[in-house]
Amino acid sequence: MKNWFNVGKIVNTHGIRGEVRVISRTDFPDERYVPGNVLFLFKDQNSDPKELTIKSHRKHKNFDLLTFEGYDDVNQVEHFREGMLKISEEQLTDLHENEYYYHEIIGCKVTTINNEYIGEVKEILSPGANDVWVVAAEDGKEVLIPYIEQVVKSVDVELKQVTIEVIEGLLE
């Protein structure tokens, strides 16, 4: 069985020329939405995914706007609304050192360099210059871990283990 990874959700059409408005779920929108790349549209559980080739990509407000080859009219893409755009595992690209896919980090156990257990990564935020990993601590609180060199000391995606150095103010 194939593994599929979410890239974005089509939330609406945009204009009359077949453009769709996408809320991105990908870590790398600029690489994922290159014209010529292939995405797969999943509309409901029962149907096979529809293969779509990206024709154009641009940013508009908080959305990514895409058009697909062979679809240049709003009526052709109207039924894409609420569909999920995905890629197959084979389409995942190799990352540079110290770069990870969100699905590799979410679920990792976080401990300090002194081997104290902090919790499990449940979400990743991308507010600005660096990602922030949201860790569900054992006491029910959330701990925000900035993905920066001074804090994150090691990541083992195979063992689902992250080791951090606690800097001043981090756990307060």
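Residue-wise test of (1) hydrophobic (A, V, I, L, M, F, W, C); (2) within 27 Å of V155 (Cβ to Cβ).
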| site | (1), (2) |
| --- | --- |
| H14 | no, no |
| E31 | no, yes |
| P35 | no, no |
| T67 | no, no |
| N75 | no, no |
| R81 | no, no |
| M84 | yes, no |
| task | Look through Y117, Y33 and report the one residue that is in the same structural domain as L159 (by TED's automatic domain parsing) and either under 30 Å from V162 (Cβ atoms) or at pLDDT below 95 (or both). | result | Y117
| note | The residue that is farthest from I23 (Cα to Cα), considering only those in the stretch 59-71 that are at pLDDT 95 or above and more than 18 Å from the chain's Cα centre (by Cα), is G70
| query | Take the residues of the stretch 7-30 that are in a strand (DSSP E or B) and either hydrophobic (A, V, I, L, M, F, W, C) or not assigned by TED's automatic domain parsing to the domain that holds T67 (or both): which is nearest to N98 (Cα to Cα)? | reply | V7
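Quick one: count up the residues across the stretch 59-72 that are loosely packed, with under 13 Cβ neighbours inside 10 Å and without any contact (Cβ under 8 Å) to a residue 24 or more places away in the chain.
The first filter runs over the stretch 59-72 and keeps only residues loosely packed, with under 13 Cβ neighbours inside 10 Å, leaving 59-62, 70.
Filter once more, keeping what is without any contact (Cβ under 8 Å) to a residue 24 or more places away in the chain: 59, 61, 70.
So the answer is 3.
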| What number of residues within the stretch 126-143 are of a type in the set (A, V, I, L, M) and either in the same structural domain as S24 (by TED's automatic domain parsing) or more than 16 Å from E116 (Cα to Cα) (or both)? | 3
| note | Among the residues of the stretch 146-158, the number that are under 18 Å from the mean Cα position of the chain (by Cα), over 22 Å from N62 (Cβ atoms) and in a loop (DSSP other than H, G, I, E, B) is 1
| task | Only strands (runs of 3 or more DSSP E) wholly contained in the stretch 73-145 count here; list those with 1 or more residues that are within 14 Å of L171 (Cβ to Cβ), touching a residue at least 24 places away in the same chain (Cβ under 8 Å) and within 14 Å of the chain's Cα centre (by Cα). | result | 132-137
| query | Among the residues of the stretch 43-58, is there at least one that is touching a Ser or Thr at 6+ places or on another chain (Cβ under 7 Å) and surrounded by 16 or more Cβ atoms within 10 Å (Cβ to Cβ)? | reply | yes
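The values are calculated or read from the model by the stated rules, or taken from the named source; none is laboratory data. Since the model is a prediction, treat every value here as computed from it, not as a measurement. Backbone-built Cβ (ideal geometry, glycine too); neighbour counts: all protein chains shown.
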